[in-house]
Amino acid sequence: MTDHSEDSWNPQTALVHGGVQRSHFGETSEAIYLTQGFVYDSAEAAEARFKGEEPGFVYSRYANPTVDMFERRMCALEGAEEARAMASGMAAVTAALLCALRAGDHVVAGRALFGSCRWVVETLMPRYGIEATLIDGSKIAEWKAAIRPNTRLLFLESPTNPTLEVADIAAVADLANEIGARLVVDNVFATPLLQKPLELGAHTVVYSATKHIDGQGRCLGGVVLSDKEWVDEHLQDFFRHTGPSLSPFNAWTLLKGLETLPLRVRQQTESAGRIADFLAGHRKIARVIYPGRPDHPQADIIARQMKGGSTLLCFEVAGGKSGAFAFQNALRTVKLSNNLGDAKSLITHPATTTHKNLSEEARAELGIGDGTLRLSVGIEHGDDLIADIERALAAA
Ligand SMILES: *Cc1c(COP(=O)(O)O)cnc(C)c1O
């Protein structure tokens, strides 16, 4: 226990000190390098930097010191060799998928995807000759049945939005390795603290840093984490030349977010578990789905691959849409918003907001009913949240 090298840091320590590159001023907090470009001491130095013979920065579309600190801190947390920070979660997802594929390739994806991810897979990629099959990601037999000779990539979210279904990441990773495909995991709902897809065998992990990593509702961001060889060979040129770069200011905000991530996620998960137990015993609640409860349909997989429950829960209010609306409208502390992972507790009615573009049939397939609500639990005191929910249920 006396080894204090960076490699052996616990997440709490890596998230405070990881990736720091201090300037000669010795600033405590990470500096914000709001600069587009960099100046060179000589023409020879510029030449050497462009040749890659001398380390250093060239242009902030390629790399920037503040963004670099965020990428290094994310690598330390995730146990990844390389990271590229991007302007949003969707920029990260799109890059992680497109850079691994070309026309003629086939993708298998769990169908319970974040709406924009589903659009990329179902609508954008086929325009460029990449076909996709969407399946129930919680059933390993469906993954196997969907494989074709040209399947190059498997893509999943776990737990899923909004019904918190869980896929067996290690089993899907084994399947990917068997057929020489890559597994990309969108790990937003689990957070990097509660689930480590790379350790489970995934090849690439993506985050919307907009969610728990910022966690205070301030800025958008995203990140792709993978092995160095893949980033160098497949992602780097796309990244440099198409420009999904993260702003240095947003990278700094996200660095500050990472410092408190473990404190926030611990509080959020603890309160989410308490709220799930409270709702499970309430007569106006038809169903509660929470990855930390033993009655979750994939409780055995959760015990194997997650370190805790979730900061989110999904539940069904009796009385369908009108019951769910009346309950939402009676809430005071919990705010109505489609965002998640925030310090403030946020609730949304997926059927009329995030999932309104899906057909009723597609919603039913995902288990989204008229009374389904998704609650993202914040860092308020759990007693105050339960009191707000109890009062709103009584009023509904
Ligand atoms: C929010 C989210 C995204 C997209 O992230 P943005 O930062 O909004 O672009 C992708 N996947 C999941 C699971 C998300 O929750």
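The angle between the Cα long axis of helix 65-78 and the main principal axis of the chain comes to about 50°, on a 0 to 90 degree scale. Taking the average, over residues, of other Cβ atoms within 10 Å as the packing measure, peptides 177-188, 309-320 rank 309-320, 177-188 from highest down.
Sites listed here are trypsin sites (Lys or Arg not before Pro) in segment 85-126 whose DSSP assignment is loop and whose Cβ has at most 16 other Cβ atoms within 10 Å: R102.
Listed values for segment 165-178 are Karplus-derived 3J(HN,Hα) couplings in whole Hz (6.51 cos²θ - 1.76 cosθ + 1.60, θ = phi - 60°), namely 6, 10, 9, 7, 4, 5, 5, 5, 5, 4, 4, 4, 5, 4, and x replaces Gly and Pro. With N as its number of residues, segment 261-395 has a Cα radius of gyration that, divided by 2.2 N^0.38 Å, comes to 1.00. 3J(HN,Hα) along segment 298-310: 10, 4, 5, 5, 4, 4, 7, 10, 10, 8, x, x, 6 Hz, from the Karplus curve 6.51 cos²θ - 1.76 cosθ + 1.60 with θ = phi - 60°, whole Hz, x for Gly and Pro.
The angle separating the long axis of helix 382-395 from the principal Cα axis of greatest extent in the chain is about 40 degrees. Geometric descriptor of segment 11-119, per residue, is 174 Å³ (volume of the convex hull of the Cα atoms). Dividing the summed -39500 (n - 2.57) terms of all DSSP H runs of n ≥ 4 by the residue count of the chain sets its mean residue ellipticity at 222 nm at -11000 deg cm²/dmol. Here the Karplus relation 6.51 cos²θ - 1.76 cosθ + 1.60, evaluated at θ = phi - 60°, turns the backbone of segment 10-17 into coupling constants of 6, x, 4, 7, 4, 7, 9, 10 Hz, with x for every Gly and Pro.
Please report, to one decimal in angstroms, the Kirkwood hydrodynamic radius of segment 55-100 built from all distinct Cα-Cα pairs. The Cα-based Kirkwood calculation yields 11.6 Å.
Spherically averaged projected area of the convex hull of Cα atoms, segment 162-285: 10.0 nm².
When only C-alpha pairs under 8 Å and at least 6 residues apart count, what is the relative contact order of segment 6-256, in percent? Reported relative contact order: 24 percent. Pairwise Cα separations in segment 134-211 fall into 10 Å bins from 0 onward with the following percentages, short to long: 19, 56, 23, 2. Working from Cα pairs under 8 Å separated by at least six residues, relative contact order for segment 1-127 is 22 percent. Mean silhouette area of the chain, derived from the convex hull of its C-alpha atoms and averaged over all directions, reads 21.2 nm².
Values quoted throughout were computed directly from the atomic coordinates according to the rules given, and no laboratory measurement underlies them. What you are looking at is a predicted structure, and each value in this text was computed from that prediction instead of being measured. Cβ sites come from the backbone with ideal geometry, for glycine too, and all protein chains shown count toward neighbours.
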